[in-house]
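As structure tokens, the structure follows; a few thoughts come after it.
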Amino acid sequence: MDLSTTYLGLELKNPIVPSASPMSRTVGNVKLMEDYGASAVVLFSIFEEQIRHETKELYHHLTYHAESYAEATSYFPSVDEYHSGPDEYLEHIRKLKESVAIPIIGSINGVTDGGWVDYAKKIEQAGADALELNVYYIPTNVSLTSDDVEQTYFDIVKDVRNQVKIPISVKLSPFFTSIPNVAQRLDNMGVNGLVMFNRFYQPDINLDTLNVEPGVLLSTSDALRLPLRWIAILYKKVKADLAATTGVHTSEDVIKLVLAGANVTMMCSALLRHGPRKIREVLTGVQQWMVEHEYPALKEVRGSMSHQSVADPSSFERANYMKALQSYM
Amino acid sequence: MSSNEKNSLREKVTIDGNEAAAYVAHKTNEVIAIYPITPSSNMGEWCDQWSSEGKKNIWGTVPVVAEMQSEGGASGAVHGALQTGSLTTTFTASQGLLLMIPNMFKIAGELTSTVFHVSARSIAAQGLSIFGDHSDVMATRSTGFAMLCSHNVQEVMDFALISQAATLESRIPFLHFFDGFRTSHEVMKIEALAINDIKAMMDENFIAAHRQRGLTSEHPVMRGTAQNPDVYFQARETVNPFYTKCPDIVQKAMDKFAKIVGRQYHLFDYFGAPDAERIVIIMGSGSEAAHETVEVLMEKGEKVGVVKVRLYRPFSIKHFINALPKTTKSIAVLDRTKEPGTSGEPMYLDVVNAVHEQFTAGELPFAAYPKIIGGRYGLSSKEFTPAMVKAAFDELSKPKMKSHFTVGINDDVSHTSLTYDPLFTTEKSDVIRAMFYGLGADGTVGANKNSIKIIGEETDFYGQGYFVYDSKKSGSTTTSHLRFGPRPILSTYLISKANFVACHQWQFLEKFDMLTSLIDGGTFLINSPFAKERVWDNLPLSVQQQILKKKIKLYVIDGNAVAQKTGMGGRVNTIMQTCFFAISGVLPKEQAIEAIKKSIKKTYGKKGEDIVKMNYAAVDATIEHLYQVEYPNELTSKIELPPVVPNYAPTFIKEVTGVMIAGNGDSIPVSKFPVDGTYPTSTTMWEKRNIATEIPSWDAEWCIQCGKCALVCPHATIRIKVYDNKLATGAPETFKHMLYKGNDYKGQAYTIQIAPEDCTGCGICVEVCPAKNKKETKYKALNMVPQPAVREQERKNWDYFLTIPEVDRRTVDVKTIKGSQFLQPLFEFSGACSGCGETPYVKLVSQLFGDRTIVANATGCSSIYGGNLPTTPWTKNADGRGPAWSNSLFEDNAEFGFGFRLSIDKQQEQANELLIHLIPQLGEEFVNEILSAKQNDELAIYEQRERVKKLKEQLKGTTTPEARHLLEIADTLVKKSVWIMGGDGWAYDIGFGGLDHVLASGANVNILVLDTEVYSNTGGQMSKSTPRGAVAKFAAGGKPVGKKDLGLIAMSYGNVYVGQVAMGANDLQTVKTFLEAEAYDGPSLIIAYSHCIAHGINMQYGLNAQKLAVDSGHWPLYRYNPALPKEGKNPFQLDSKPPKIKFEEYAYNEIRYKMLTKMAPEKAKRLLKEAQDDVMKRWRFYEQLAAMNFGGHAPQSVASEH
């Protein structure tokens, strides 16, 4: 049974790629994921805030009260050099490359076109096989147009594309007016993969304290409908590879997304809930389905139910809504 | 460069005296045992840093550095290491040196080679002082140590080596000393000794001999015998030949050093006219000012000279007399110390004796027996200027000279002081002199140190930097004095004629007179929030006057705006530094900018590209925003400077305290001072520092009247009163009040008032406020607002608030947060850090028990913010009662407070005896009422006070000795609460022995440990309270062992009340613990978690840090009450819940832990795991303790009011 696929120019033995999550913080976990069958790993994201602010935070606290008082010209031992969060991230990539055989995809999460882009190069130098850009932007300014927002994405991508030679993917927000257009423009800029979609941290309100508390809600299979539609629509319309990254919990989910056109399906919530062994279970399920449905290779599955391959493309479009209503009636 | 070339390289470096001493000490020793004390702490810190970086000594091994529990301990360890053959050193000063004296006698008595490097500092007498003089070293004269004095930073490095060489050859231990602060902290460009220089000075034969004398079981001997009258005397005299030879050995070492390095020194160096008649003898940094003065006086043809004393002990009469010109007629010996009751200060007596002995021997080389006078100068870093040196020379010209004079002060009591001409100056015109006024927090000093380095490296100029700090920990101001010139700078005094003055904070214009020091036509740079067109009109009138009069060149920059724009936050350091270079012309502008950037890269390059970029951006933006101001030739300002203290202040406040506050303490004459160090309390209230940019504003609409804001306020600037509603009607218009919500004061008015000019703006109150504005949840019942806009209005409101009577203590339920905060704080407006974690506990003591409290305060942060002049936060209530406070030492505080208790108890016992004796006059019933009074609550104490008042009235009419005696001590019949306070450095380390003894004594004292888990006052050195994994000085790699469980040790006695509290986690438990501890008739120990700037946190969120410490189990809350087993109850009650977050979640909220992950990630992981294990082990153990059955029901823990 041939489960192999390609993603960002990488030959992968199967379509299961754990997406960015705290699971990849230790070498041991990544090894486990490899052992259970993961074909590549997207590392946890290094946040722009971390890159920009962590060293500043240290600098602030180590110097703020210094040279203020005759008896204490400083409050901490003098440190000649320190490893900031990003340095640790790079070291982590180096260690992973020594410890596992599967490709390692670095991940940067940011919102501005700033100095952190240089960091992409460092990730490349550390040995990452590819880089995922997670542009996390919530517009709150009413005068900001959709063009402005899109331009932010393009600027960052352009900068990073110029910095690195390794393949890059962009993790998208589902909230563009025209996803296909954004996808195509990114495609034209040389982006090698589109990851759909970013699962934003959604705010919640604590009713006792009246504080806004950010929290992460783990996804369920229901969430895959969103990437399913857009992968199906974008399949073959862009050169970039397509990765599905929300709602991948079961072998059925994987198969659906590959049918729609995904090169890889990325798992996160399911692994956080059940551990890396879940990968093996999903892979076994995919194999069983392929046997039952007589698909010898996954590549043949891929895209067979994309927007352009299905009998009724409107089923991925608005008319689909009308149909749903009718069937309900 | 080959390694040999590198080892021969003598680099020009810009460093301070402490670093210079430490450099040689680290290169020439194997064992270093120290204990932090200002101003010597940095020497140990440098050595610790170099050793932790793996830097080796000249024999290729990394010296071991051990921090001890006290200087006594350090000297013991040094003695031990020496006795076993290691090259060993230590660094200390002041009280620390005194604690070493016993070992110094031993070390010298055993003829052991070592060098102690001492940054000489005042001794605590009528008051403590951290500043420099020779009181400490002079107290060690009889120990047998040789004493070699360095006069400047270059000499510190040179003499550190010369003394090391001389001690090995002579076998006499050396005390190498230099002036605290003036030399220890003065930054200077010097030539560093090359490794090969150091090697060349070390004679391996002497080192081998030192080792061979070490104790070893291979060749056993004994040392340290006890000797009897038959032999001790003779044995003591055996060492004489060694002392006789010592001066020549030192001179030999100096000569050898001159051959190797090129700088020639002598035991006594003379500078002056070859035919000088008037001679000043002086030792230490003051000799530099004297040298400068002699130079100028000689140019005027005066026959004067100065002898700089270098080797003070052994005092070589021969060398001394030979150093004097044969033409000498009169001598003034200047001592930087005070020996009350003596016939003369030490060096004066040495000189008198030297002249006398040579005269007796018939070897006096002078035409006539010279006149010799002695004088004192420069105590506690008092300024010592050429004008004062000249005054001493002038005195030598008078027919009737004043001996035992003082110079530099106005002694209008004993009339010892010489008058001097303050306008006399020796400053040369080719020396650039710049002064910078900054805030501690704006980075001014750091930037200036950097500027000196830049100029030192980029030019042939010599540079000097000296930095003056005020004694506050919040909003502290710094003044930097920088000189640059073509010759080595000898001006060991502050700048009084500056070419350049920079004001880094606009508000200083109303606080300090900065322009008196600026020369005509000089340059004045202001960091101004006003655009260049508006600056002039916003300057105070007096500033405008001086600018016009002196035709000053005025420059401005909105440094804060540039800082904000470039991400520098509140740090204007790089910006103002760039301005200095751009304007001053010390370097060509382009070269200067490049040099600043190079220096930024060097300083921050390894710490993050972003920081480098941020600073670069600040440099570039500065040039664009720096403007010269064209001002009109007329005065336009309406801004007059307010008086420092109001006219209605008491006389002492106006004549002494206010003058100190204004920065003119130097001008106060002797007669104005208390003779015994006794000062009035209630003085911070006059200071009105106005350091907050934002202060809280109360929104009564949402207030739930919980009182938490007042409880946590570190500076007692939030006050709460409940009062007669009628009083609210006469209040100023903006005065806020609401109806009290509870039943206890139903119908009364309730006000929360902020002291606008005393608040430091920490924001802790807003953080703790639980009441949200329900219409807009970003607001609370307290919100920060800009201070200047509300200052005037709130000042009036505050003044009105003070006129409202305090709540009657008898009516208050003190067990609640709300109730406790109706009690007037008798500790207010301290100089502690903004957001301090200690002061809320101190304040709480003052609220709950202040009217009957006597405080023994260990030296440390709490003694500084509690008792550093000019003002004290300890205050009195309307009845004139309040805490009486004293600081003895660092190490003896528990014993000191124990002494209070012994004394008060004894007096009370006597009073009781006298009462019984006087029953016939006083009446049995009345006496019994007094004797049997329980005094266990506010009402009962009030009633006892009333009885004692009545008693005193009755006694006044009686003349018997018993009645008179009882009248003197009758006040002790009212309960007195003894509080012994200090930090963890005191309680866990240096004072632990005494603390332990006092706990064991059973005495009724209350011990409050303000536990910051580190030495905060001296700058973050590890204590035995420092937790595992935290980074501190002397634990740069993270503390490898867990903290001492002081509470558990105290509990082991069984009769000690022990409470562990953290106000931020459970404020109600804190209040309850304080009440129980005080009520317990025996020793009580409260260990209070105190967040601190040394933790590396945002102080606004300090209470949250406390909560995390408790939630993680790092800081379990508990109370151990020895009274409970009698009721069949377990004395130990755990008041916090099992750990509910990981240790990591608490720890990595603080830089002290987090920085280890950046320095040594693997080690950080290991220590984190071990620390987590510590937490769980301790928790399980405590759980078992709490579960033990004492026969009754388990007591209830205190639930939080949250």
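The values are calculated or read from the model by the stated rules, or taken from the named source; none is laboratory data. On a predicted model such as this, the values are computed, not experimentally measured, just so you know. Here the Cβ positions follow ideal geometry from the backbone for every residue, glycine too, while neighbour counts run over all protein chains shown.
Selection of region A:132-171 for residues being in contact (Cβ under 8 Å) with a residue 60 or more places away in the chain and either assigned to a loop (DSSP other than H, G, I, E, B) or polar (S, T, N, Q) (or both) yields A:Asn134, A:Tyr136, A:Ile138, A:Pro167, A:Ser169.
Scanning region B:567-586 for residues that are part of a loop (DSSP other than H, G, I, E, B) and at pLDDT 90 or above yields a single hit, B:Val572. Against the list (1) away from chain A (no Cβ under 14 Å); (2) at pLDDT 95 or above; (3) closer than 26 Å to B:Glu687 by Cβ, the condition B:Gly837 fails is (1). Within region B:998-1024, the only residue that satisfies the criterion of being more than 27 Å from B:Thr853 (Cα to Cα) and either among the acidic types (Asp, Glu) or more than 14 Å from every other protein chain (Cβ to nearest Cβ) (or both) is B:Lys1024. The residues on offer are B:Tyr988, B:Tyr1057, B:Tyr1053, and the sole one that is out of contact with any Gly (no Cβ under 9 Å at 6 or more places or on another chain) and farther than 30 Å from B:Val766 by Cβ is B:Tyr988. Selection of region A:171-212 for residues being surrounded by 17 or more Cβ atoms within 10 Å (Cβ to Cβ) and modelled with pLDDT under 90 yields A:Ser173, A:Asn198, A:Arg199.
Against the conditions (1) surrounded by fewer than 24 Cβ atoms within 10 Å (Cβ to Cβ); (2) under 31 Å from the mean Cα position of the chain (by Cα); (3) farther than 30 Å from A:Glu67 by Cα, B:Val1110 satisfies every one except (1).
Quick one: what pairs do we get from region B:41-64, first residue within 12 Å of chain A (Cβ to nearest Cβ), second modelled with pLDDT under 95 and surrounded by fewer than 18 Cβ atoms within 10 Å (Cβ to Cβ), C-beta under 7 Å, 6+ apart or different chains? Partner pairs satisfying both residue conditions: B:Gln49/A:Ser78; B:Ser52/B:Gly1037; B:Glu53/A:Asp80. Quick check on region B:632-658: of everything there that is charged (D, E, K, R) and either outside any loop (DSSP other than H, G, I, E, B) or within 14 Å of chain A (Cβ to nearest Cβ) (or both), which residue is nearest to B:Asp758 (Cα to Cα)? Top of the filtered list is B:Lys654. I want to confirm something. Restricting to region B:412-454 and keeping residues that are within 14 Å of another protein chain (Cβ to nearest Cβ) and without any contact (Cβ under 8 Å) to a residue 40 or more places away in the chain, which single residue is nearest to B:Phe384 (Cα to Cα)? For region B:412-454, the residue satisfying everything is B:Val445. Got at least one residue in region B:1026-1036 being closer than 18 Å to B:Cys836 by Cα, away from chain A (no Cβ under 14 Å) and out of contact with any His (no Cβ under 7 Å at 6 or more places or on another chain)? No, region B:1026-1036 contains no residue that is closer than 18 Å to B:Cys836 by Cα, away from chain A (no Cβ under 14 Å) and out of contact with any His (no Cβ under 7 Å at 6 or more places or on another chain). The condition of being touching a helix residue (DSSP H, G or I) at 6+ places or on another chain (Cβ under 9 Å) and of a type outside the set (S, T, N, Q) holds for A:Ile104. Checking each residue in region B:295-305 for being crowded, with 22+ Cβ neighbours inside 10 Å and in contact (Cβ under 8 Å) with a residue 60 or more places away in the chain picks out B:Leu297, B:Val304.
In the set B:Val619, B:Val629, B:Val612, only one residue is under 30 Å from A:Glu57 (Cβ atoms), more than 14 Å from every other protein chain (Cβ to nearest Cβ), in contact with a Lys or Arg (Cβ under 7 Å, 6 or more places away or on another chain) and surrounded by 14 or more Cβ atoms within 10 Å (Cβ to Cβ); that residue is B:Val619.
The test for being modelled with pLDDT of 95 or more, part of a helix (DSSP H, G or I) and either under 17 Å from B:Phe268 (Cα atoms) or over 41 Å from the mean Cα position of the chain (by Cα) (or both) holds for B:Ala354. The residues of region B:1182-1202 that are surrounded by 13 or more Cβ atoms within 10 Å (Cβ to Cβ), over 23 Å from B:Asp1067 (Cα atoms) and modelled with pLDDT of 95 or more amount to a single one, B:Leu1185. Number of residues in region B:884-896 that are touching a Ser or Thr at 6+ places or on another chain (Cβ under 9 Å) and either surrounded by 19 or more Cβ atoms within 10 Å (Cβ to Cβ) or closer than 16 Å to B:Glu968 by Cβ (or both) equals 8. With a requirement of 2 or more residues that are of a type in the set (Val, Ile, Thr) and outside the structural domain of B:Ala124 (by TED's automatic domain parsing), the helices (runs of 4 or more DSSP H) lying completely within region B:827-926 that satisfy it span B:839-849, B:893-917.
Within region B:591-631, the only residue that satisfies the criterion of being touching a Cys at 6+ places or on another chain (Cβ under 7 Å) and part of a helix (DSSP H, G or I) is B:Thr622.
Being assigned by TED's automatic domain parsing to the domain that holds B:Glu510, of a type in the set (Gly, Ala, Ser), surrounded by 21 or more Cβ atoms within 10 Å (Cβ to Cβ) and in contact (Cβ under 8 Å) with a residue 12 or more places away in the chain is a description that does not apply to B:Ala531.
Yes/no per residue for (1) closer than 30 Å to B:Ile489 by Cα; (2) aliphatic (A, V, I, L, M); (3) not in a loop (DSSP other than H, G, I, E, B):
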site	(1), (2), (3)
B:Leu168	no, yes, yes
B:Asp197	yes, no, yes
B:Asn205	no, no, yes
B:Met222	no, yes, no
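Taking region B:521-536 as the range and being under 14 Å from B:Cys503 (Cα atoms) and either among the polar types (S, T, N, Q) or in a strand (DSSP E or B) (or both) as the test, the residues that pass are B:Gly522, B:Thr523, B:Phe524, B:Leu525, B:Ile526, B:Asn527, B:Ser528. Somewhere in region A:105-121, is a residue within 14 Å of chain B (Cβ to nearest Cβ) and charged (D, E, K, R)? Looking for residues that are within 14 Å of chain B (Cβ to nearest Cβ) and charged (D, E, K, R), one finds at least one in region A:105-121, hence yes.
Looking at region A:217-267, which of its residues are out of contact with any helix residue (DSSP H, G or I) (no Cβ under 8 Å at 6 or more places or on another chain) and not in a helix (DSSP H, G or I)? Within region A:217-267, A:Leu217, A:Lys236, A:Asp241, A:Ala243, A:Asn263, A:Val264, A:Met266 meet the criteria.
Within region B:1091-1136, the set of residues being away from every other protein chain (no Cβ under 14 Å) and in contact with a Ser or Thr (Cβ under 6 Å, 6 or more places away or on another chain) comprises B:Val1110, B:Pro1116, B:Leu1117, B:Arg1119, B:Gln1133, B:Asp1135. Quick check on my filter: what residues within region B:318-351 are part of a loop (DSSP other than H, G, I, E, B), of a type in the set (S, T, N, Q) and either in contact with a strand residue (DSSP E or B) (Cβ under 8 Å, 6 or more places away or on another chain) or crowded, with 19+ Cβ neighbours inside 10 Å (or both)? Selection gives B:Thr328, B:Thr337. Restricting A:Lys56, A:Lys122 to residues that are closer than 22 Å to B:Ala1030 by Cβ and either buried (at least 17 other Cβ atoms within 10 Å of the Cβ) or of a type in the set (S, T, N, Q) (or both) narrows the list to A:Lys56.
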